[in-house]
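S.K.: Below: one structure in structure tokens.
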Amino acid sequence: MVLAACAAAGRAQTPASPGPGRYDPARTQVVLLGTGTPNPDPARSGPALAIVVHGAAYLVDAGPGVVRKAAAAQLAGVAALAQPNLKIVFITHLHSDHTLGLPDLIFSPWVLERAVPLEVYGPPGIAAMTDHLERAYAEDVRIRTTGGQPHTDSGYVVHAHEIDSGVVYRDSNVTVTAFRVDHGGVRDAFGYRFVTRDRTIVVSGDTRPTEAVVTQCAGCDVLVHEVYSLEGWRTRPPGWQRYHAVAHTSGEDLGRLAARAQPKLLILTHGLTWTATPAEIVSEVRRHFAGPVVYANDLEIY
């Protein structure tokens with residue numbers, strides 16, 4: 001089920017590819033909260049998604065709009081994304097488009113009665129980032145905790161966990177493995193592999209074609225991967241061409257990677273389209289990958 005009317009815009013699927021599904025609390029599912037890029041597309045919030053398992057939500061990235069998109073999903077029936085349930089997030093890298101929603105994620109769910117600290121997993125530097133954010137909003141915390149407003153005592157606190165490759169988190173629902181990817185000049189950029197009782201889901205983060213994605217997927221149920229249009233890239237100025245070629249993954253290169261990784265479903269997100277359409281990017285991928293592929297939109301469930 002598409003959770004918002006705007007999500008229908010730009011959908012591109014192949015005959016072999018499933019459309020977005022309905023929320024099913026009995027299954028592990030991917031909820032796309034933001035499929036955009038730094039470009040301010042009103043239909044696409046900044047990069048963020050949720051892995052929902054047995055009523056618990058595990059967020060990946062915190063792009064602009066993440067909290068409001070979680071609220072939209074909750075209003076459409078995904079109870080796991082109610083504000084007090086936004087308790088844990090895995091950050092792929094520290095680029096602003098993936099982290100501008102962090103202040104919102106730290107403080108807004110607390111105002112709406114999250115009672116426990118926010119657990120943030122991410123690259124070296126995430127502790128300094130969240131510490132600065134807590135200090136930047138110290139006056140807000142003082143006002144809310146010393147006035148007459150009802151509040152919880154620790155819901156605004158952040159527990160930051162700086163990670164490296166390997167298993168970074170485990171509970172009764174999920175095991176999360178971080179792996180390094182190559183995002184151009186970014187020193188520490190990660191993808192994540194989520195293994196639950198019924199599904200294995202791999203999220204690439206921002207990356208050029210990287211062998212670790214193939215290894216971590218290896219027939220996984222879902223691969224969520226960033227993409228750019230090769231045809232659109234050819235229209236870009238030389239400086240931007242050089243940057244995107246070493247930092248991101250073209251549709252054709254993603255098709256070659258997916259042909260080796262063999263995901264049961266490939267979800268395209270963080271798409272740089274430029275002059276191309278989502279359908280044209282899907283066509284680029286399918287020149288090399290014959291499996292199911294969808295170009296994601298905000299608030300879709302897979």
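The values are calculated or read from the model by the stated rules, or taken from the named source; none is laboratory data. Please read these numbers as outputs of a predicted model, since none were measured by experiment. Cβ placement follows ideal geometry from the backbone for every residue including glycine, while neighbour counts extend to all protein chains displayed. Accessible surface is based on the protein model in full, side chains and every heavy atom, while ligands, DNA and RNA are left aside. Shrake-Rupley method; radii C 1.70, N 1.55, O 1.52, S 1.80 Å.
S.K.: Take region 166-211 and flag every residue that is farther than 20 Å from ILE126 by Cβ and outside any loop (DSSP other than H, G, I, E, B).
M.R.: THR175, VAL195, THR200, ILE201, VAL202, GLU211
S.K.: Go through (1) touching a residue at least 60 places away in the same chain (Cβ under 8 Å); (2) open to solvent by less than 40 Å² (accessible area, probe 1.4 Å) for ARG197 and report which single condition fails.
M.R.: Unmet condition: (2).
S.K.: Additional query: Right, GLY77: on the phi > 0 side of the Ramachandran plot, of a type outside the set (S, T, N, Q) and part of a loop (DSSP other than H, G, I, E, B) or not?
M.R.: Details: on the phi > 0 side of the Ramachandran plot: yes; of a type outside the set (S, T, N, Q): yes; part of a loop (DSSP other than H, G, I, E, B): yes.
Yes: the conditions hold for GLY77.
S.K.: Residues of region 283-293 being surrounded by fewer than 23 Cβ atoms within 10 Å (Cβ to Cβ) and either β-branched (Val, Ile, Thr) or within 19 Å of ASP24 (Cβ to Cβ) (or both), which ones?
M.R.: Selection gives PRO292 alone.
S.K.: Output the residues belonging to region 97-150 that are acidic (Asp, Glu) and either open to solvent by less than 60 Å² (accessible area, probe 1.4 Å) or in contact with a Phe, Trp or Tyr (Cβ under 9 Å, 6 or more places away or on another chain) (or both).
M.R.: The initial filter retains those residues of region 97-150 that are acidic (Asp, Glu), namely 97, 104, 113, 119, 131, 134, 139-140.
Matches in region 97-150: ASP97, ASP104, GLU119, GLU134, ASP140.
S.K.: Limited to region 131-169, what total is found for residues that are in contact with a Lys or Arg (Cβ under 8 Å, 6 or more places away or on another chain) and among the small types (Gly, Ala, Ser)?
M.R.: Number of matching residues: 2.
S.K.: Can you tell me how many residues within region 161-174 are more than 17 Å from ILE201 (Cα to Cα) and open to solvent by 40 Å² or more (accessible area, probe 1.4 Å)? Lay out the reasoning, then the answer.
M.R.: Keep residues of region 161-174 that are more than 17 Å from ILE201 (Cα to Cα), which gives 161-164.
Applying the additional criterion that residues be open to solvent by 40 Å² or more (accessible area, probe 1.4 Å) yields 161-162, 164.
Selection size over region 161-174: 3.
S.K.: Find the helices (runs of 4 or more DSSP H) located wholly in region 224-294 whose residues include 3 or more that are farther than 22 Å from ARG44 by Cα, and list them.
M.R.: Numbers: elements: 230-233, 238-247, 251-261, 278-286.
Of the helices (runs of 4 or more DSSP H) lying wholly inside region 224-294, those with at least 3 residues that are farther than 22 Å from ARG44 by Cα span 238-247, 251-261.
S.K.: Mind listing whichever residues of region 259-270 are surrounded by 24 or more Cβ atoms within 10 Å (Cβ to Cβ) and of a type outside the set (A, V, I, L, M)?
M.R.: Once the filter is applied, which keeps residues that are surrounded by 24 or more Cβ atoms within 10 Å (Cβ to Cβ) and of a type outside the set (A, V, I, L, M), region 259-270 yields PRO263, THR269, HIS270.
S.K.: If I filter region 200-219 down to residues being without any contact (Cβ under 8 Å) to a residue 60 or more places away in the chain and on the phi > 0 side of the Ramachandran plot, which single residue comes out as most open to solvent (accessible area, probe 1.4 Å)?
M.R.: ALA218
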